[in-house]
Amino acid sequence: MSTASALAPLYSGDRMSQAEFHRRYQAYPEDVKFELIGGIVYMASPLRRSHARRHVQLASLLERYESQTPGVELLDNATTILGEESEPQPDLALRILSTYGGQSLESDQDYVAGPPELIVEIAHSTRAIDMHQKRADYQRAGVREYLVLSIEEPELHWFRFRPIARVAPDAKGISRSRVFPGLWIDSVALLAGDRARMLSTLRQGLASREHAAFVRRLESRYKRNRRDSR
């Protein structure tokens, strides 16, 4: 920490604004993780193996979706400025780029400003925070869908905020995103760590008519934004 000695340290439970949090947080090394949720500072706990493993599994799934969907960006632990009292670092976030009509922007300092369309948290020791404080914070900020993979239960919780509802799996255990058509997640396979089955389900979603229509909409928005910017 080059300037940490000149700044008051951050502690879990501190209350402050996003601007003050960001200024003080910048003094810490990159391997130290703090978040500001609803004006309260939280420090991340040491990362368990099961958390890291689930993180990789979900990231690989979302990365495959990103690769087949132009204008969509996957982020891993990116600082995300959601408001005057909110600066989380979600485990994963899937967003539509601003040039493709997304609701978040890229700040001058290369942070995400505004709510990504989908946020993912892997919950173990953080389950209470992820399911309550973060859920309320993300809903208030305008995040459209929120997925929590709870390790201890284990269970997949998928929330939709516009309108407020749960994304329930169908009879085959497959949950489908409305914000990102074609993003199909086999919750049974995910909880069992069955990567082959998870990818097979996702491939079906990517081959669906809904996904093809979504890609056309994204490309149309991009072309329209380019014309308007000239």
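Per-residue Cβ neighbour counts within 10 Å put Arg127, Arg95 in the sequence Arg127, Arg95, beginning with the fewest. Fully extending the segment from Gln103 to Arg195, taken as 0.36 nm per residue of separation minus the present Cα-Cα distance, adds 30.0 nm. Charged side chains reduced to their Cβ positions (Lys and Arg at +1, Asp and Glu at -1) give the range 48-229 a dipole of some 860 debye around its Cα centre.
Of Pro154, Pro116, Pro46, the residue with the greatest mean-square motion in the GNM of the chain, using alpha carbon springs below 10 Å, is Pro46.
Put in line by how crowded their Cβ is, counting other Cβ atoms within 10 Å and starting with the fewest, Tyr42, Tyr111 read Tyr111, Tyr42. Mind telling me which of His55, His211, His132 comes out most flexible in a GNM of the chain, alpha-carbon contacts under 10 Å? Per the Cα network of the chain with a 10 Å cutoff, His132 tops the list.
Placing +1 on the Cβ of every Lys and Arg and -1 on the Cβ of every Asp and Glu, with no other charges, gives the range 61-131 a dipole of roughly 280 debye about its Cα centre.
Please give the direction-averaged projected area of the C-alpha convex hull for the range 48-229, in square nanometres with one decimal. For the Cα atoms of the range 48-229, the hull's average projected area reads 10.7 nm². Across the range 105-145, the residues whose backbone nitrogen lies under 11 Å from the label position 7 Å along the beta-carbon direction of Asn225 are 105-106. What Kirkwood hydrodynamic radius, in Å, does the range 1-153 give when the mean of 1/r is taken over all pairs of distinct Cα atoms and then inverted? Hydrodynamic radius (Kirkwood, Cα only) of the range 1-153 equals 16.0 Å. By the rule of a C-alpha distance below 20 Å, with chain neighbours fewer than 8 residues away ignored, the lysines paired with Lys134 are Lys33. Taking each DSSP H run with n ≥ 4 as -39500 (n - 2.57) and averaging over every residue of the chain yields -10000 deg cm²/dmol at 222 nm.
Every read-out reported here was derived from the displayed coordinates using simple, explicitly stated rules and does not represent laboratory data. Treat the numbers as computed from the prediction; the structure is a model and nothing was measured. Cβ sites come from the backbone with ideal geometry, for glycine too, and all protein chains shown count toward neighbours.
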